[in-house]
Amino acid sequence: MKKLQTFIFFLLLLLFSCKDEHERMHEEMDKVSNEFRKFDIQLIKLYKKSENNPKEVITIVDSFLIANKKETDKYKSQIKTNIESSLHYFKAELFYKTGKYDKSISELDFSKYKNGSVAIAYAANYIKLKDYKTAKSFIDSIGNWNGNYYALGNYYESVGDKASAIKTYKKNLEEDKSRKHFIYYIWTQKRVEELEKNKPLLNEIFFPTGNPNFEVCEICDVDNEIREKIMDLIMEIPENQKDWTSTGILESPFDTGKKYYRVKVKAGNKELEYYVYQKTFEIKYFNPKTKTLMTLQEWRKGK
């Protein structure tokens with residue numbers, strides 16, 4: 001009996017220790033998230049100021065970049081790379097708006113990623129420089145990203161190919177019906193209407209803004225409670241806890257019309273992906289290289 005009591009005591013001690021560790025991890029995550037929020041607030045203010053004083057804001061951004069390199073705060077240091085990337089992209093956007101396309105490209109070169117919104121931004125600059133071949137190469141490298149079809153349609157308009165522009169826009173509207181609430185879908189509809197009324201072609205590709213205040217989707221926060229629950233569930237998975245750095249939702253039912261959320265976790269030098277089903281909250285491991293989906297139990301057995 002005494003051995004049983006001792007076993008139960010140690011079991012309870014282990015459970016409470018795990019709970020304390022989990023709570024501490026959440027506290028650390030909250031502190032890092034709070035630094036993200038504070039930076040976003042600063043960035044929104046700078047975007048607002050840049051509407052009237054872009055040159056002055058560029059100088060301010062440069063001072064922010066210097067300060068960020070010297071940052072030693074425990075929590076701010078964890079987002080230094082993110083801040084640096086956002087600030088260089090902001091400068092690229094400001095240079096683009098002021099017609100300094102070569103300087104904008106130089107700022108984009110700081111990004112290690114050349115797809116998504118960065119690829120669209122490159123293409124926007126090269127269109128202005130009338131380097132249509134390079135612009136198209138970046139359009140082709142966008143990947144599966146919000147605004148990809150809209151950017152391609154913009155490209156065709158910019159090179160005078162009205163027929164291809166309309167065809168691209170209409171393909172987007174047909175294939176992307178689940179994303180009617182996204183701004184790019186709405187913009188695409190407007191371009192089709194304009195072109196069918198023989199209005200002038202665009203001579204530019206839109207430059208995706210990095211302003212945190214920009215609403216890509218006005219109703220996408222309706223599932224905030226679900227997202228918060230998913231974040232909590234994902235952090236309960238032991239494999240995600242060691243050396244955790246970030247958790248992000250790559251896809252949601254609002255984006256894709258599918259029944260699950262696709263989540264990526266960065267922990268140490270690992271990137272792990274999961275599907276979390278909307279109604280049941282069942283979690284499955286997803287291998288993006290092999291396109292393999294399996295239960296957590298199957299995944300652990302195969303490791």
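Limited to the range 57-82, what total is found for residues that are within 29 Å of Thr134 (Cβ to Cβ) and buried (at least 18 other Cβ atoms within 10 Å of the Cβ)?
Matching residues across the range 57-82 total 3.
Can you pull out the residues in the range 236-283 that are open to solvent by 70 Å² or more (accessible area, probe 1.4 Å), under 25 Å from Glu35 (Cα atoms) and either assigned to a loop (DSSP other than H, G, I, E, B) or among the hydroxyl-bearing types (Ser, Thr, Tyr) (or both)?
Glu236, Lys242, Asp243, Thr245, Asn269 - these are the residues of the range 236-283 that are open to solvent by 70 Å² or more (accessible area, probe 1.4 Å), under 25 Å from Glu35 (Cα atoms) and either assigned to a loop (DSSP other than H, G, I, E, B) or among the hydroxyl-bearing types (Ser, Thr, Tyr) (or both).
Answer yes or no as to whether Asn213 is open to solvent by 70 Å² or more (accessible area, probe 1.4 Å) and either under 21 Å from Ile79 (Cα atoms) or part of a strand (DSSP E or B) (or both).
The answer is yes for Asn213.
Pairs only if they're at least six apart or on different chains, beta carbon under 9 angstrom, first in the range 183-200 and free of Cβ contacts under 8 Å to residues at least 12 places away in the same chain, second open to solvent by 30 Å² or more (accessible area, probe 1.4 Å) and of a type in the set (Asp, Glu); list them, first residue then second.
As it stands, the answer is Lys199/Glu193; Pro200/Glu194, since those pairs meet every condition given.
Can you give me the number of residues within the range 131-173 that are in contact with an Asp or Glu (Cβ under 6 Å, 6 or more places away or on another chain) and outside any helix (DSSP H, G or I)?
0
Matching residues to (1) touching a Phe, Trp or Tyr at 6+ places or on another chain (Cβ under 8 Å); (2) free of Cβ contacts under 8 Å to residues at least 60 places away in the same chain:
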position: Pro54; (1), (2): no, yes
position: Phe64; (1), (2): no, yes
position: Glu71; (1), (2): no, yes
position: Lys76; (1), (2): no, yes
position: Ile79; (1), (2): yes, yes
position: Asn82; (1), (2): yes, yes
position: Ser86; (1), (2): yes, no
position: Lys91; (1), (2): no, yes
position: Phe95; (1), (2): yes, yes
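Based on what the data block shows, is Ala92 open to solvent by less than 70 Å² (accessible area, probe 1.4 Å), in a helix (DSSP H, G or I), in contact with a Leu (Cβ under 7 Å, 6 or more places away or on another chain) and among the aliphatic types (A, V, I, L, M)?
So Ala92 fits the description; yes.
Has the range 249-262 got any residue that is charged (D, E, K, R) and under 27 Å from Lys80 (Cα atoms)?
yes
Take Ile230 and decide whether it is surrounded by 14 or more Cβ atoms within 10 Å (Cβ to Cβ), assigned to a loop (DSSP other than H, G, I, E, B) and not acidic (Asp, Glu).
No.
Yes/no per residue for (1) farther than 16 Å from Phe206 by Cβ; (2) open to solvent by 50 Å² or more (accessible area, probe 1.4 Å):
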{"position": "Asn115", "(1), (2)": "yes, yes"}
{"position": "Ala119", "(1), (2)": "no, no"}
{"position": "Lys130", "(1), (2)": "yes, yes"}
{"position": "Lys133", "(1), (2)": "yes, yes"}
{"position": "Asn148", "(1), (2)": "no, no"}
{"position": "Glu157", "(1), (2)": "no, no"}
{"position": "Ser164", "(1), (2)": "yes, no"}
{"position": "Lys167", "(1), (2)": "yes, yes"}
{"position": "Leu173", "(1), (2)": "yes, no"}
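The values are calculated or read from the model by the stated rules, or taken from the named source; none is laboratory data. If you're wondering where the values come from, they're calculated on a predicted model, not measured in any experiment. Don't worry about glycine lacking a Cβ; one is built from the backbone with ideal geometry, like all the others, and counts go over all protein chains shown. Ligands, DNA and RNA are stripped out before the accessible areas are found, and what is left, the full protein with its side chains, is counted by its heavy atoms. Shrake-Rupley method; radii C 1.70, N 1.55, O 1.52, S 1.80 Å.
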